[in-house]
1. Just to confirm my filter: which helices (runs of 4 or more DSSP H) fall fully inside the stretch 568-632 and include at least 3 residues that are among the aliphatic types (A, V, I, L, M)?
2. Condition check: aromatic (Phe, Trp, Tyr), under 24 Å from Pro437 (Cβ atoms) and more than 16 Å from the ligand (Cβ to nearest atom). Does Tyr353 satisfy that?
3. Going residue by residue through the stretch 4-20, is there one that turns out to be within 30 Å of Thr254 (Cα to Cα), modelled with pLDDT of 95 or more and crowded, with 19+ Cβ neighbours inside 10 Å?
4. Quick one: is Phe320 more than 15 Å from the ligand (Cβ to nearest atom) and closer than 24 Å to Asp561 by Cβ?
5. Output the number of the condition that Trp377 fails; it satisfies all remaining conditions of (1) within 16 Å of the ligand (Cβ to nearest atom); (2) open to solvent by less than 30 Å² (accessible area, probe 1.4 Å).
6. Report yes if Pro133 is open to solvent by 40 Å² or more (accessible area, probe 1.4 Å) and not acidic (Asp, Glu), otherwise no.
7. Answer yes or no: is there a residue in the stretch 48-71 that is in contact with a strand residue (DSSP E or B) (Cβ under 6 Å, 6 or more places away or on another chain), of a type in the set (A, V, I, L, M) and under 19 Å from Pro8 (Cα atoms).
8. Can you find even one residue in the stretch 421-443 that is farther than 16 Å from Arg368 by Cα, at pLDDT 95 or above, crowded, with 24+ Cβ neighbours inside 10 Å and within 29 Å of the chain's Cα centre (by Cα)?
Amino acid sequence: MDDPLLAPPMPALDWVSEATACVTRHEHGLLRLEAVAPDILRLRFAPSGRFAAPRPWSPVLELPPAGLSVHEEDGRLWMETERLSARLDLSSGAVSFATPDGRPFAEDLCAPGWREVALEETGLQHLPDTELPPGEARIGVGVRKRMAQDEGYFGFGQRDGRLDRRHRRLTHWTVDRAAPGHGLGEDNLYQAQPTFMAVRPGLTWGLLLNSTWFSGFDVGREYEDVLTLFTLGGELDYYILAGPTPAAVVEQLTRLTGRPLLPPLWALGFHQSRWSYGTDRDVRALAEDFRQRAIPLDAIHLDIDYMDGYRVFTWDRERFPEPAATVAALQALGIRTVTIVDPGVKHDLGTGYGVAESGVAGDYFLRRPDGELFSGWVWPDESLFPDFCSERTRHWWGDLHGSLIEIGVDGVWCDMNEPSIVDRPYREPGVTEFPIPLAVRQGDEGEALHAETHNLYGHLMARATWEGLERLRPARRPWVLTRSAFVGTQRWAASWMGDNSARWEDLETSLPQLASLGLCGAPHVGVDIGGFYGHSFGELYGRWIELGAFYPFMRAHAHCDSRPQEPWSFGPEIESIARQAIELRYRLLPYFYTLAHRAHRSGEPWWRPLLFDFPDQADLYAIEDQIMIGPQMMIAPIRAPGLRRRLIELPPGCWYDFRSGARLGVGPAPLVMDAPLGAMPILVRGGSVITLGNVRQSTAEPLGELMLEIYPDDEAEGFWTLIEDDGESFDYQDGALAETDCRIAPLSQGAVFTLAARRGEYRPAPRTLILRLHLPEAPAGLTLDETAVEDWRWDAELRAAEVRIDDDGQGHRLVPA
Ligand code: GLC
């Protein structure tokens, strides 16, 4: 073969099909194609002729199998479901996929290939290992596919850099890049999500590489228009997601890897953090400050200094003499406490430290290949590391959270779980990373090497934590925050993007970074507002907090050496900007909470790139600095100093300015908008109903008011369903929900607004309903339920007709005359 792209052909010797799968036998290996669902096919290729055993901790769920019809014709094997087909060329072993109407995609350029790989070739850094462990860990398997020229490639998990990853080589290996401001590189970071979607007008498809080993995608970098999938572990195993839209791909991906959790309502409020609010007095003063300054706040995070010598699940009794009293004092102000928990358990045996002792007694910690306990250094110096692949260990770890629950802690922040380990105490010179050797065995049966499970360390720690909280406090939804994650972690935790810096570039990179994660099934994401490393400053903080009000997870956090970074640390102007931004966050919570429910139902990310809502507009694919917040809003953040106006591309449809109520125009069209500090542009799509609450200091206060801001489109009808529940329990799973359907006729048909009677068993507390219908000019009058309304007003500034009624849960119809 002259063409360096092609692995040798791999003719099929014979094939057999079952109801849901088809297996072809080749001289070197087996290839199996399975219908996991009508819109999801799984392809596995094992050069050894043996497929890997299922793993108990696999991030991929078992779905009820779907039927696959198989027939041979013209030297090809055709395998079809109702939604997707695959074609295997029997002489070459190459596979292609196609839509039901025959449009091909993800076409192999050749059969899969494999060979033994050396450690250096992988680009894996920071390992003490000089070689990969013998056996399947060394067998690299891959395949090359044609990239259609008009496809954009999106998703690819947590990394910096651009949204569209064409021309990039992207690897998957969780790592703590501890350098201040990991910058705009595209390397693997704390999390690994080996999944992407290819988007072109009319067709989006997705791929999930089912490998927890070191793996990667070369997206047309090595060879133009050639996509290479590769993984260690001796087997190629991937799922093809039929789409045909980005929303459908995320739905398919989260059907496979689990739907995102539904956070408790308080977790959507504002969180204030710092390394560290280190004493009872600091924490109480902080909470009082928020309340005195009337800046809404729902959670304070306690970083590592609350612990006794960084021993997890202990308290430093000098700093926090009575932790339960500290937590209760916050609770009295409507503020929850979140505590950090690191995986490294201080190697402290024989001194009465129960966590280390019970861990050794239960044999829950990792052991080196020679059988000795593995230890490395983290905050508490020499530490032991739980094996989260073991179910027994996860159970033990989950139960340890009982001590925090008793104190009244509401959320748990899992950090350093890539895991991040060094070779000596941090205070000594020459500190070097010291990862877990690849040949360490993990799992209840010692079934897997660390080389296979490394990427799951944080994922399974988050799972153990969530499951522990759920067992310990079954009536309330757990809330877990994690730094490391894999595909599927969305079932158990929100995540933040680790240690960014107080720089404009870091604000900027958060836009595509969080948008990419949303496409990978992880909607509950945010970054440290203000920046972690370095000293933040007024303009940057102001811009960041106005933007951060829209992050699905909104937390401000800073390094121990950074100057104060609370909302009031930059003077009165920025304090007032921060207050307004956070107040807006709280007003938008009914909308955001509905978005959280939608994410929970279908994976739909609430922070998403334009291509998610407009996949047929190829000219919008590259836009990274406009973000859709659910289907109804779009923000246009400011990413650089000094800017006070900006250019915006209006996507198709008619658009309104959320701040002024003005109708901005109809897209596609460019537009320039003013963007004074504190007022980044926020746009609303015609045909929307944005639900706003009153300003509250925390979600513990009742919602006294529900405002429906109604924006008719010119031509299209708009629909929205507000979703509510008690915000705290699992009762919504048994019907304790309130769903309210809204319909808004287009301006061309009179902009009639219809509110359906509330569905479901949850009853919101009594409140006023404010209907605000945005119209080009004041109507002559309004009728509500066929009766002329006497008491309405025209808000000339915001161009809205406003009516107030008691929220009686009944259907209503508002007609402008
Ligand atoms: C890590 C975390 C950071 C935390 C610090 C101390 O750097 O990413 O958020 O403040 O550890 O616990």
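1. In the stretch 568-632, the matching helices (runs of 4 or more DSSP H) lie at 572-587, 589-602.
2. The answer is no for Tyr353.
3. no
4. When the stated conditions are applied, Phe320 passes them.
5. Against the list (1) within 16 Å of the ligand (Cβ to nearest atom); (2) open to solvent by less than 30 Å² (accessible area, probe 1.4 Å), Trp377 comes up short only on (2).
6. Judged against the criteria, Pro133 is not a match.
7. Within the stretch 48-71, none of the residues are in contact with a strand residue (DSSP E or B) (Cβ under 6 Å, 6 or more places away or on another chain), of a type in the set (A, V, I, L, M) and under 19 Å from Pro8 (Cα atoms).
8. The answer is no; no qualifying residue exists.
The values are calculated or read from the model by the stated rules, or taken from the named source; none is laboratory data. A quick note: this is a predicted structure, and the numbers were derived from the prediction, not measured. We place every Cβ from the backbone using ideal geometry, glycine too, and count neighbours over all the protein chains shown. The accessibility values were calculated without ligands, DNA or RNA, using every heavy atom of the protein model including side chains. Shrake-Rupley method; radii C 1.70, N 1.55, O 1.52, S 1.80 Å.
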